[in-house]
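**Student:** Here it is, the structure in full.
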Amino acid sequence: PQITYVQPDGARRSIAAAPGATVMLTAVSNNIPGIVAECGGAAMCATCHVYLDEASQAVVAPVSEVENEMLDSAASGRRENSRLSCQLVLEPGVEEIVVHIPSHQV
Ligand code: FES
């Protein structure tokens, strides 16, 4: 399984990841630019904001209440497909998650 990151300029990078990995931690540990993750994954900062690719919507858990509140603080503007990448988990059986990185996080 893999997580694919699409930069604002369209550059894509796919990282092999194990089930249970989060989109945020996989980005940080592979030096993917554009995921700041100031709070370290506690759903308290919104600097790990991403736009979830349409095909990936069905394979991740829905937005929780705390995530929903925090997304309103996303620096680059919330959209319908906005998610906190620290809350996006690669579930067993899922082959790929694709996320689009916003232009800025702070
Ligand atoms: Fe802070 Fe995701 S890392 S909300």
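**Student:** In deg cm²/dmol, rounded to 500, what helix-only [θ] at 222 nm does the chain give when every DSSP H run of at least 4 residues adds -39500 (n - 2.57) and the total is split over its residues? Mind dumping the intermediate values first?
**Tutor:** Values: 2 runs with 14 residues, N = 106.
Using -39500 (n - 2.57) per qualifying helix, the result is -3500 deg cm²/dmol.
**Student:** Among 59-68, 35-44, 17-26, what's the highest-first ranking by average C-beta atoms within 10 angstrom per residue? It would help to have the intermediate numbers written out before the result.
**Tutor:** Details: 59-68: 13.4, 35-44: 16.4, 17-26: 18.7.
By packing density, highest mean first, the sequence is 17-26, 35-44, 59-68.
**Student:** What share of the DSSP beta bridges in the chain is antiparallel, in percent to the nearest 5?
**Tutor:** Values: 11 of 16 bridges.
Percent antiparallel among DSSP bridges in the chain is about 70.
**Student:** Let me ask you something else. Can you give the percent of C-alpha pairs in the chain whose distance is more than 25 Å?
**Tutor:** On the way: 446 of 5565 pairs.
Roughly 8 percent, once rounded to a whole number.
**Student:** Find the relative contact order for the chain and round it to a whole percent, using C-alpha pairs within less than 8 Å whose residues are 6+ positions apart. Display every interim value, and only then the final one.
**Tutor:** Details: 217 pairs, mean separation 43.2, N = 106.
Computed over the chain, the figure is 41 percent.
**Student:** Just to check I understand the Karplus step: with θ = phi - 60° and J = 6.51 cos²θ - 1.76 cosθ + 1.60, what whole-Hz values come out for region 21-35, glycine and proline as x?
**Tutor:** 5, 9, 5, 5, 4, 5, 5, 4, 6, 10, 6, 6, x, x, 10
**Student:** For Ser64 and Asp9, what does the FRET efficiency come to when R0 = 30 Å and r is the distance between their Cβ atoms, rounded to the nearest 0.05? Numbers along the way, then the final one.
**Tutor:** Details: r = 31 Å, r/R0 = 1.03.
With a Förster radius of 30 Å, E is 0.45.
**Student:** Compute the distance from the alpha-carbon center of region 64-106 to that of region 8-26, in whole Å.
**Tutor:** 12 Å
Taken together, the values in this text are just the output of simple stated rules run on the coordinates, not laboratory data. As the structure is a computational prediction, the values presented were derived from the model and not from experiment. Using ideal geometry, Cβ is built from the backbone for each residue, glycine included, and neighbour counts are taken over all protein chains shown.
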